[in-house]
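Engineer: Pasting a structure below so you can have a look.
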Amino acid sequence: MLIAKKYNNENIALICALFAYGNVKAIIKLLESLDFSLLEASDEVIVKELSSHYYRFQNSQDITALFIVLKRLKQIDSIENIFYEGYKKEENVLDGLWNFITVIQELYLRKSRGYKFLIGSVPKKLNSAGTYKRYLMFLRWMVRSDEIDLGLWSKIDKKDLLMPLDTHTFKVSQKLGLLKRKTYDMKAVVELTETLKKFDKSDPIKYDFALYRLGQEKII
């Protein structure tokens, strides 16, 4: 998040969010090693400069693919506009996310497991969908504006955001009686978000950080 705040750029923030899994120190080490100016470079330069980079499930080709697809995306439209195209009809952020994933899959075809893990895929049914935590965290950064979140976007309403559910928040929410579902998936995300709307329907995921810290610090 600190690196995303430093640059205040939706493309760089998305890279930060997509690599936000695993050990925090390892995440920061990777992100600090990346030259984000490569998002303006040629494909050949991107391939050359990222040839020695890797992170957990992603090899250098996977990281290169992400930079190239985001560079190509910038030449077409903003990430916000692409999300908005899917979101605007029903004001559903998942429709926006599915549209975004579809667009980037079409811009750069790569079928490695590492790349698929990084960018995700459109689920056949919502019932079979994971939590998409990294993307929902990115949306929180972009849409909400406070001392934590960046607030770079204006087209998506924060009332429509969904909880970026990680395992800490999942367990704490169950213990607090905010979440009944036992499975860590998108249905749990939707259920928890609906519960939090009872406290503030205009900004339900403002409670994300507090719930996360309760779990992280093992207070509950």
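Engineer: Scan Leu34, Leu18, Leu39, Leu30 and give me the residue that is within 14 Å of the chain's Cα centre (by Cα) and modelled with pLDDT of 95 or more.
Structural biologist: The match here is Leu18.
Engineer: Let me ask something else. May I ask you to list pairs of residues, at least six apart or on different chains, whose Cβ atoms are under 8 Å apart, with the first in segment 107-124 being over 18 Å from Ile82 (Cα atoms) and not assigned by TED's automatic domain parsing to the domain that holds Ile15 and the second being at pLDDT 95 or above and aromatic (Phe, Trp, Tyr)?
Structural biologist: No pair meets every condition.
Engineer: Could I ask something else about it? Within segment 159-171, is even one residue buried (at least 19 other Cβ atoms within 10 Å of the Cβ), touching a residue at least 24 places away in the same chain (Cβ under 8 Å), in a helix (DSSP H, G or I) and in contact with a helix residue (DSSP H, G or I) (Cβ under 6 Å, 6 or more places away or on another chain)?
Structural biologist: The answer is yes; a qualifying residue exists.
Engineer: State all residues of segment 147-170 that are at pLDDT below 95 and not assigned by TED's automatic domain parsing to the domain that holds Lys201; if no residue qualifies, say none.
Structural biologist: Residues satisfying the conditions are Glu147, Ile148.
Engineer: Taking the criterion of being outside the structural domain of Asp166 (by TED's automatic domain parsing), in a helix (DSSP H, G or I) and among the acidic types (Asp, Glu), would at least one residue in segment 65-79 satisfy it?
Structural biologist: Taking every residue of segment 65-79 in turn, none turns out to be outside the structural domain of Asp166 (by TED's automatic domain parsing), in a helix (DSSP H, G or I) and among the acidic types (Asp, Glu).
Engineer: Okay, moving on. Of the residues that make up segment 205-214, is at least one in contact with a His (Cβ under 6 Å, 6 or more places away or on another chain) and surrounded by 14 or more Cβ atoms within 10 Å (Cβ to Cβ)?
Structural biologist: The first filter runs over segment 205-214 and keeps only residues in contact with a His (Cβ under 6 Å, 6 or more places away or on another chain), leaving 212.
Applying the additional criterion that residues be surrounded by 14 or more Cβ atoms within 10 Å (Cβ to Cβ) yields 212.
Yes, the conditions are met somewhere in segment 205-214.
Engineer: What pairs can you find where one residue is in segment 14-27 and loosely packed, with under 13 Cβ neighbours inside 10 Å, the other is not in a helix (DSSP H, G or I), and their Cβ atoms are less than 7 Å apart, with a gap of 6+ or different chains?
Structural biologist: Within 7 Å, the pairs are Gly22/Arg56.
Engineer: Could you check how many residues of segment 164-195 are within 15 Å of Met137 (Cβ to Cβ) and of a type in the set (A, V, I, L, M, F, W, C)?
Structural biologist: Residues that pass the stated criteria total 5.
The values are calculated or read from the model by the stated rules, or taken from the named source; none is laboratory data. No experiment lies behind these values; they were computed from the predicted model shown. Backbone-built Cβ (ideal geometry, glycine too); neighbour counts: all protein chains shown.
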